[in-house]
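**Q** Let me begin by handing over the structure; questions about it come next.
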Amino acid sequence: MDSTADPKGKRPLYQEDGLAYARAAAAAASATAADEAEAKPKPKPSSSSEEAKPEPEAEEMPPLVLVAEDGVEVRISRPAARMSHMLRLLMEDSCADGPIPAPNVHSDILDLVVQYCEKHGPYYDPEASERARNPFPPFPVELTPTVSSIKPVTYVDPDPHGLKDWDKDFISLDNSTLFEVILVKRILNLLDLSSTPQDLLDLGTTMVADMMRGKKPEEIREIFEIENDYTPEQEAELRKENAWAFED
Amino acid sequence: MASPPVRPWGELQHDLLVAIMSRVGTPDLLSGGAPRACSAWWAAARDPFAWRRVDIRDWTALTSARRAAGTRATSTSVSVQDALAGVLEVAATRADGRMEAVLLPEFADEDHILFLAERSPNLQYFSFPTTCMTYDQFCKAIGKLQSLKGMAVDESLINYDALQHVHQCCPDFVELKVFALYVDDYMASIICDSLPRLKKLEIPNSDMSCAAIIKFLDCLEELEYMDISGYETSAISSTVLHKASRLKVFIWNSKFELGEFKDCSNCGEHSINPLEPCNCIMDHKVMDWLAGPSQAS
């Protein structure tokens with residue numbers, strides 16, 4: 001197990017981003033929790049950790065183990081874990097065999113996020129999201145897979161797996177859960193801050209924005225249970241800027 | 001399992017709040033309830049990040065948000081042009097030079113575009129649907145928008161002067177959308193000659209001649225995305241489909257439901273019954289394709 005604890009002979013340095021922290025934590029955890037890994041009769045990565053990985057197909061590898069803040073373990077399969085930038089990097093660096101701590105995330109929420117990843121994981125194409133992230137302006141274009149001119153293009157279904165409906169059901173959570181989900185996706189995507197279509201962060205923030213649109217301040221405060229610390233000075237500032245609208 | 005701790009929305013991190021605010025839409029950000037809910041949200045609504053993309057097309061929504069805010073403003077004393085100028089002033093100030101795209105309503109005029117060009121020189125895209133009889137202010141604005149990547153304009157601006165000026169001033173220009181009723185070979189020539197490096201072309205909801213489509217496909221060598229959907233009369237032939245096969249995205253559905261064409265551009269047959277299409281369409285086999293998967297067998 002020592003070779004896994006110290007892959008490639010490097011000691012992870014602490015950096016500002018969470019990735020190194022997660023790597024270090026995962027490496028340390030896998031060293032102390034060697035028993036966790038023994039249950040799977042899988043090829044031990046210790047031999048492959050030295051070289052650059054052509055690892056076996058992700059489906060054959062054991063699921064990752066995420067540990068929530070309340071100590072509960074949540075398993076996520078490797079194809080699903082690929083949806084998280086951070087977890088993907090961990091897997092590529094072979095640091096993902098032991099338990100991976102997910103601090104500040106409750107297991108219920110982690111469960112939900114894992115559910116989302118399991119559903120979307122098989123269809124996740126990181127390159128497609130990359131393309132979507134640098135689309136032609138101004139608004140993201142859903143580039144369909146290469147459109148053949150032989151096939152009729154009168155209607156191209158951008159959602160062949162029915163993920164949109166599933167997403168809609170999934171995201172109708174109560175407010176506090178929605179809040180947590182947004183935060184967690186943020187944590188899991190520590191290095192991947194831009195939003196892509198179908199991304200959970202995008203889904204969550206869009207959902208919240210939809211809830212906010214067209215409402216009066218009182219209604220919003222009621223829905224989101226926000227304390228009103230909005231000052232008269234701020235209101236004055238707002239009115240001053242919008243002088244075109246406010247004619248007194 | 002213990003239920004997860006409840007964390008108040010008021011404490012959501014600033015940049016997440018800003019991400020939400022950038023999805024709410026300009027009317028609400030300006031005078032809706034969201035910026036007034038609490039201090040943190042007030043600050044998030046003013047963050048430049050939330051003002052990278054400004055959509056003012058729905059003027060009614062903008063003014064109704066204003067009315068709902070309980071102002072005593074009477075819309076009659078302020079002209080819409082002045083009101084729009086006021087909105088753009090706020091948007092430009094809040095965006096702090098980071099505005100990327102702006103979509104203007106139909107009554108916007110060249111002065112608004114010039115204003116934006118001066119205040120947001122890093123603008124990458126704008127939509128300006130207004131018919132322009134003169135375009136010197138427009139060209140002046142283009143001269144200031146060196147980062148421009150694309151624009152959506154009315155067909156009145158499709159002329160050699162304007163488009164060549166765009167080509168000269170904007171090295172990154174790759175995307176054009178045109179609001180037009182009818183597109184002929186001549187208009188296609190103007191576009192192809194002036195903007196040969198276009199990658200994305202959108203001319204939806206117009207009737208386009210077959211010659212025009214083929215001109216685009218032949219001359220725009222770097223074209224990757226083409227949207228000519230929403231037409232009433234089909235000009236899509238098998239040649240078109242063959243040439244368009246090199247594109248990454250080609251959107252060519254008509255404005256009707258599958259297969260419901262009214263006229264055939266090939267033989268001039270009018271008011272075709274979709275169940276009994278004219279012979280030339282059958283010969284070209286276009287109707288098969290257009291009818292969709294249910295008739296594929």
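**Q** Which of B:Thr131, B:Ala108, B:Gly97 sits farthest toward the positive end of the charge dipole of region B:97-140, with +1 on the Cβ of Lys and Arg and -1 on the Cβ of Asp and Glu?
**A** Looking along the dipole axis, the top candidate is B:Gly97.
**Q** Among B:Asp109, A:Asp169, rank each residue by its count of other Cβ atoms within 10 Å, from fewest to most, as a rough exposure measure.
**A** Values: B:Asp109 16, A:Asp169 8.
Arranged by neighbour count, lowest to highest, B:Asp109, A:Asp169 become A:Asp169, B:Asp109.
**Q** I've got another one for you. Using θ = phi - 60° and the Karplus curve 6.51 cos²θ - 1.76 cosθ + 1.60, what whole-Hz ³J(HN,Hα) does each residue of region B:28-43 get, with Gly and Pro shown as x?
**A** Each residue's phi maps through the Karplus curve to give 5, 5, 7, 9, x, x, 4, x, 9, 5, 6, 4, 5, 6, 4, 5 Hz.
**Q** Oh, and also: Considering only lysines 8 or more places apart in sequence, or on different chains, count the pairs in region B:113-215 whose C-alpha atoms sit under 15 Å apart.
**A** Lysine pairs, 8 or more places apart or on different chains, close enough: 7.
**Q** Would you mind ranking B:Ile20, B:Ile214 by Cβ crowding within 10 Å, fewest neighbours first? List each step's numbers first, then the result.
**A** Numbers: B:Ile20 26, B:Ile214 18.
The fewest-first ordering by Cβ neighbours comes to B:Ile214, B:Ile20.
**Q** A further question follows. How large is the direction-averaged shadow of the alpha-carbon convex hull of region B:114-253, in nm²?
**A** In nm², the orientation-averaged hull projection of region B:114-253 is 7.5.
**Q** Provide B:Glu224, B:Glu175 in ascending order of the number of other Cβ atoms located within 10 Å of each residue's Cβ, fewest first.
**A** B:Glu224, B:Glu175
Any read-out appearing in this document is the output of simple, stated calculations on the displayed coordinates, not a laboratory observation. On a predicted model such as this, the values are computed, not experimentally measured, just so you know. When we count neighbours, we look across all protein chains shown, and the Cβ atoms used for this are built from the backbone with ideal geometry, even at glycine.
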